[in-house]
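This report refers to the structure that appears directly beneath it.
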Amino acid sequence: MALKAVHVSDVPSLDQVPENASLTLFSSRFSTGVEMNNNNNNRASFKIPKFLVVGHRGHGMNVLQSSDKRMKAIKENSIVSFNSAAKYPIDYIEFDVQVTKDDCPVIFHDNFILSEDNGSIFEKRVTELCLSEFLCYGPQKEHGKVGKTLLRKTKDGKIVDWNVETDDSLCTLQEAFQQVEPTLGFNIELKFDDHVVYQQDYLIRVLQAILKVVFEHAKDRPILFSTFQPDAALLVRKLQSVYPVFFLTNGGTEIFYDVRRNSLEEAIKVCLEGGLQGIVSEVKEVFRNPGAVTKIKEAKLSLLTYGKLNNVSEAVYMQHLMGIEGVIVDLVQEITEAVSDMIKPPKVDEEDEKLSEGDGNTELKAKPEFSQRELSFLLKLIPELIQL
């Protein structure tokens, strides 16, 4: 069933810019922000001034069945996870926002919350819970209070306990603004169910609830919206012009009824027709189809990627060489260190100081170097190596 198209021309632009929101927010924050200027095409001219590293769901997503302890070290999409990521030289954190039945934006990835009661497992849709019901799952903020068991369904359908080394309570979008390091950028993914047809009035209500919190609490924090839902992407761009909107896409690694979601070429069309500023693609599709990067650049769109390969430093460096502007990663510490070593050039005085220390045998980490011919060969080879 295709997602219902929304006629954004019928939706009035809100542009509810708060008094404390700087219209030069992005151009003045080159360390963590982005640069935007309005043009005559109703689409902001958008430029990311540096290679961005974005923490996936904060410090990294939870893969509870993984043998890698790093994938279940800290509860994803939590205040603890966000502030843990902030300890590293990271630019943004990415997290998923849904809106409860009583119009409160909360941070949670899955469409359903799973729990257990008297030996029976049940699930409830996050958007059908009121805020108080949502917050009663998992660890509780109130000392001595015990929350309901929080379970999770793995990709292969197994139900497992949501056990992590460092747990934390569920949180709202407002709490994230109030409790997370204020210089850390927020990549707010507008989360919707792939299998639900959304009516226009529902999408508008949800987006307005999220924008209200953003406008009231963002202050000077860099903000970037993204979503897999094409109509939501078009609407949030229509409802405000302060913050950039990126269209999330699997790029064809997974097929949907809505053709707008099935290729990078379709993603480009969505962005150009709706005045969006960029694309966030599954990294495998970019490696399979490196020519799409050129098309995206020619369309003057920015490009970020997500996916497991972004936890491999060499794959991240290849993207930097290809002109991709940033990566969303799970292994925040490892990838920020790799980016610092391979991409960001050392300062001259720091390099001289290192060479002068010790017995003269100190070695600096050298970034990989590729000639244009070698890079061309690698780009031709990678699509053959990346399998569906």
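Read-outs: derived from the displayed coordinates by stated rules, not from any lab. All figures in this text were calculated on a predicted structure; none of them were measured in a lab. All Cβ positions, glycine included, derive from the backbone under ideal geometry; neighbour counts span all protein chains shown.
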Relative packing of peptides 306-316, 183-193 - highest average C-beta neighbours within 10 Å first | 183-193, 306-316
Beyond 23 Å between alpha-carbons counts as too far, so tell me which of Lys219/Lys308; Lys50/Lys75; Lys238/Lys269; Lys75/Lys212; Lys101/Lys158 fall in that bin.
-> Lys219/Lys308; Lys50/Lys75; Lys75/Lys212; Lys101/Lys158
Going highest first, how would you order 174-180, 156-162 by mean Cβ packing within 10 Å?
-> 174-180, 156-162
Please give the length that would be gained between Gln200 and Glu123 if that part of the chain were fully extended, namely 0.36 nm times their separation in residues minus their C-alpha to C-alpha distance (nm, one decimal).
-> 25.1 nm
In nm², the average projected area of the convex hull spanned by the Cα atoms of segment 148-245 is 8.3 nm²
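Which order, highest average first, do 271-282, 58-69 follow once you tally other Cβ atoms within 10 Å for each residue and take the mean per peptide?
Listed from highest to lowest mean packing, they are 271-282, 58-69.
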Residues meeting the amide H criterion for Val106 (H placed from the backbone, H to H distance under 5 Å, 5 or more places apart or on another chain) are Gln98, Val99, Thr100, Leu173
Would you mind getting me the FRET efficiency between Leu321 and Gln178? Use the beta-carbon distance for r and R0 = 30 Å, nearest 0.05.
-> 0.15
Taking θ as phi - 60°, what are the ³J(HN,Hα) couplings along segment 55-69 by the Karplus curve (6.51, -1.76, 1.60), each to the nearest whole Hz, with x for Gly and Pro?
-> x, 5, 6, x, 7, x, 6, 8, 10, 5, 8, 6, 7, 7, 4
Cβ-based net charge around Glu325, under 11 Å, with every Lys or Arg adding one and every Asp or Glu removing one = +2
Expressed as a whole-number percentage, the relative contact order of segment 156-281 with C-alpha contacts under 8 angstrom and at least six residues apart is 21 percent
Compactness summary of segment 201-347: radius of gyration and Dmax from Cα atoms, Å, are 16.1, 53
So for R0 = 41 Å, FRET eff. of Asp156-Asp220 from the Cβ-Cβ r, to 0.05, ends up at 0.40
